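Student: Structure incoming, see below.
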Amino acid sequence: MIQRFDQIVVDLPEPNGPNPAAAAAIQELMGGKFGEMSTLMNYTFQSFNFRGREKYRPFYDLICNIAAEEYSHIEAVSAAINLLLSGATPRADRNKPFGEDAASKKKQSANKKKYGDANPAPLSDPVTQFYRYHFATSAQAALPFDSMGNPWNGSYVTCTGNLKLDLLHNFFLECGARAGKSRVYEMSNDPTARAMCGYLLVRGGVHIVAYAKALEKLSGVPVGGVLPIPDVSNRKFPEARKLEEEQGLHTIMWKWCPEDTYTQLNEIWNGPHPEDGQELVVRDEMPPAFPWPEFAEEPQLCAPGEIDPEMLNYYAAKLT
Ligand SMILES: [Fe+2]
């Protein structure tokens, strides 16, 4: 079972302004093959299908616990996309009579003043945006698609049932995810995009090390010796460096469960971090959390939409 909290795991700053191109790039971190939906669903299904749970309890605990954390990552990616798309088109309300359609000259000029020249096509800008799903099928919002509009799909889930193979896959998946995060980071210097990427680089780094350690425990092979993959340190990204140096976020395995659950995590998550030697710790608590950012209404997309009395009066007058 799972419990939800109306909070978000990363404190995202306001964007510099609407940035549909950055939002489209970030979609890769949501619904791409190596995106957060993939990590979430891979570990979720592996935990559902885990056989020999009692014998391999530390590995089961690890996969379950990381699966839970991944939910907070799809939330973080969604929030960043929504923030970057807020105000991306003029907030003119199609339901309001404005411009030359208004009943009187006075109303025409009042509406012109309020809505500018947005009538009749407040959504004309997105015609030139390549990622039109953000405007045509959603109200400037996150979608379970990649950066090219391909929907996430279940074939991205590897759940062979062989523990060594699944852990090896998870290690590979997290390394691929890390490459994606560092590339998206370089695609935009917007503070929202970079805060989100920086956070995910650090926490994804924890998952890479965790799966490397799990493989080491299971096979005796020192997988951690090949880290980092790709071989650029998180410390090169200022937002990630801050979280590591000031909060030690790269050394902490949070527990996303009650106290008496997943109690054998520390059999895998222990010892020194392979990059800086700091001691790895399991914290018997959820991570610090923050309120969800506010997403303003977007009336030009009828989001969330409401019956506008002015619009009803306008059409009633036209019909009589
Ligand atoms: Fe993640």
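Throughout, read-outs are computed from the coordinates displayed, never taken from laboratory work. For clarity, every value in this text was computed on a predicted model and none was experimentally measured. For neighbour counting, all protein chains shown are included, and Cβ atoms are generated from backbone atoms with ideal geometry for every residue, glycine included.
Student: Enumerate the amide H contacts of Ile8 below 5 Å, restricted to partners 5 or more residues apart or on another chain; note that Pro and chain-start residues carry no placed amide H.
Tutor: Phe290, Trp292
Student: Something else about it: Please state the relative contact order of the chain as a whole percent: Cα pairs under 8 Å, 6+ residues apart? Present the calculation step by step, with values, prior to reporting the outcome.
Tutor: Working: 474 pairs, mean separation 85.9, N = 320.
About 27 percent, as a whole number.
Student: Further, regarding this structure: In terms of modelled amide H atoms, which long-range or inter-chain residues lie less than 5 Å from the amide H of Trp254?
Tutor: So Trp254 has HN proximity to Arg283.
Student: Past the 29 Å Cα-Cα mark, which pairs from Lys55/Lys236; Lys33/Lys164; Lys213/Lys255; Lys106/Lys318; Lys164/Lys236; Lys181/Lys255?
Tutor: Beyond 29 Å between Cα atoms: Lys55/Lys236; Lys164/Lys236.
Student: State the Cα centre-to-centre distance between the stretch 45-82 and the stretch 123-189 in whole Å.
Tutor: The two parts, judged by their Cα centres, are 18 Å apart.
Student: If you don't mind, another one. For Thr39, Thr137, what's the fewest-to-most ordering of other Cβ within 10 Å of each Cβ?
Tutor: Thr137, Thr39
Student: Can you give the three extents of the C-alpha atoms in the chain along their principal axes, from longest to shortest, in whole Å?
Tutor: Here the spans come out as 81, 38, 32 Å, largest first.
Student: What is the helix-to-structure angle for 105-115, meaning the angle in degrees between its Cα long axis and the longest Cα principal axis of the chain, kept from 0 to 90 and rounded to the nearest 10?
Tutor: Its long axis makes an angle of about 20 degrees.
Student: Compute the long axis of helix 238-247 from its Cα atoms, compare it with the longest principal axis of the Cα atoms of the chain, and write down the angle in degrees, 0 to 90, nearest 10.
Tutor: 50
Student: Moving on. Where the only charges are on Cβ atoms (+1 Lys, Arg; -1 Asp, Glu), what is the dipole of the stretch 177-320 about its Cα centre, to the nearest 20 debye?
Tutor: So the dipole magnitude of the stretch 177-320 works out to roughly 600 debye.
Student: Further question on the same structure: Would you please give the residues with an amide H less than 5 Å from that of Ala303, counting only those at least 5 places away or on a separate chain, with H modeled from the backbone geometry?
Tutor: Glu298
Student: I would also like to ask the following. Among Ala79, Cys159, Tyr133, which residue has its Cα furthest toward the positive end of the charge dipole of the chain, with +1 on Lys/Arg Cβ and -1 on Asp/Glu Cβ?
Tutor: Checked the options; the winner is Tyr133.
Student: Next question, about the same structure. Taking the chain as the reference, fit the longest principal axis to its C-alpha atoms, fit the long axis of helix 20-31 to the helix C-alpha atoms, and give the angle between the two in degrees, 0 to 90, nearest 10.
Tutor: Tilt relative to the chain: about 40 degrees.
Student: Per DSSP helix of 4 or more residues, -39500 (n - 2.57); summed, then divided by the residues of the chain. What does that give at 222 nm, rounded to the nearest 500?
Tutor: The per-residue figure over the chain is -15000 deg cm²/dmol.
Student: Within 10 Å of each residue's Cβ, count the other Cβ atoms and sort Val226, Val282 from fewest upward.
Tutor: Least to most surrounded, the residues fall as Val226, Val282.
Student: If you don't mind, there's one more thing I want to ask. Quick one: what are the phi-derived ³J(HN,Hα) couplings along the stretch 147-159, Karplus 6.51/-1.76/1.60 with θ = phi - 60°, whole Hz, x for glycine and proline?
Tutor: Whole-Hz 3J(HN,Hα) from phi for the stretch 147-159: 6, 10, x, 7, x, 4, 9, x, 6, 6, 8, 10, 9.
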